[in-house]
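Heads up, the thing below is written out as structure tokens.
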């Protein structure tokens, strides 16, 4: 089927600034353009063009190269320096058409050349093309702004919803623990099983709500790091000790190797613990029961701490799924080995926290099996 022809763009009332020290050239161009419904302004020098541009704010500039005072190339450079990506496209009007002149004009920020003597059809075609491109650019920027505003609204709603849900979920979890401890009397086996189910479900929901709140905070730009010198080896050791409590249920053991490195780094301890906890938890979650998980302090050529790595004995990153890593709500085909839950947010949050520390996080399959997640900091 033939592609549909796009609807013509109405270019009437678009503003064009003509800059030339020869009044005849201005009259010729004005005669060609006025019949198309363009709004015109003119200047006879580069200096005057800069003044009129600020008041007229044209959609396109036709700029002569050879003029007294600053030439067209310099005027174009100043316009781009002042208005940057919002600067109207500049088409040079000149009899000079040698390659070095074209290169200089494009280097100055020009979009095109219009040779003298003018040919009406060529003038109109080139101007129409650049104005249409500018309209498309404006529409794109408006769409980006709309999407940005919608995303900000989504983050605010997500943050409010997660915040409002967190307290009642924490209460449900706490009350289930209270009941399971026999605070209101002895429970039957069936009642205890139900309470354990309530506790497990509320804990999973609370984990999800906390991660959603983290995502909303990070994406809204409100993640504020409290940086201070912290011993990375000590942070990892604490995470390993806590992780081993849960790992013991799968007869899995987590060890840490620091190699005696001086591991003081500027970190937000709470946020970096969140990263370490998540990587260790994932290693246990996806490794078979009885596995050995290792956390290792990484050092640079001078023996300074440069990051850490977590090696597991899981299935590794499946073929063709590497691009899903570290993305929001992305889950790989590999499944936890003990029926654990996954929200698909943990690694995405880790990446954002590490990048906020001006670091990088990566993952590679190991030759002997398993996977290594590595967090590196600039030293």
Determine whether residue 293 is touching a residue at least 60 places away in the same chain (Cβ under 8 Å) and buried (at least 18 other Cβ atoms within 10 Å of the Cβ).
no
Would you call residue 88 modelled with pLDDT of 90 or more, assigned to a helix (DSSP H, G or I) and in the same structural domain as residue 58 (by TED's automatic domain parsing)?
no
Conditions (1) touching a helix residue (DSSP H, G or I) at 6+ places or on another chain (Cβ under 7 Å); (2) surrounded by fewer than 17 Cβ atoms within 10 Å (Cβ to Cβ) -> residue 199 fails only (2)
For the subset of the stretch 107-142 comprising residues that are over 26 Å from residue 35 (Cα atoms) and surrounded by 15 or more Cβ atoms within 10 Å (Cβ to Cβ), which member is nearest to the chain's Cα centre (by Cα)?
109
Answer yes if at least one residue in the stretch 340-355 is at pLDDT 85 or above and in a strand (DSSP E or B), and no otherwise.
no
Filter the stretch 202-234 down to the residues that are in contact with a helix residue (DSSP H, G or I) (Cβ under 8 Å, 6 or more places away or on another chain) and not in a helix (DSSP H, G or I) and list them by number.
220, 223, 225, 226, 228, 230
Of 296, 337, which residue is assigned to a loop (DSSP other than H, G, I, E, B) and outside the structural domain of residue 197 (by TED's automatic domain parsing)?
337
If you go through the stretch 260-272 one residue at a time, do you hit one that is in contact with a strand residue (DSSP E or B) (Cβ under 9 Å, 6 or more places away or on another chain) and assigned to a helix (DSSP H, G or I)?
yes
Scanning for something within 30 Å of residue 34 (Cβ to Cβ), surrounded by fewer than 16 Cβ atoms within 10 Å (Cβ to Cβ) and more than 18 Å from the chain's Cα centre (by Cα), does the stretch 153-161 turn up at least one residue?
no
Return the residues of the stretch 356-379 that are part of a loop (DSSP other than H, G, I, E, B) and crowded, with 19+ Cβ neighbours inside 10 Å; say none if nothing qualifies.
357, 370
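The values are calculated or read from the model by the stated rules, or taken from the named source; none is laboratory data. No experiment lies behind these values; they were computed from the predicted model shown. Virtual Cβ from ideal backbone geometry, glycine too; neighbours counted across all protein chains shown.
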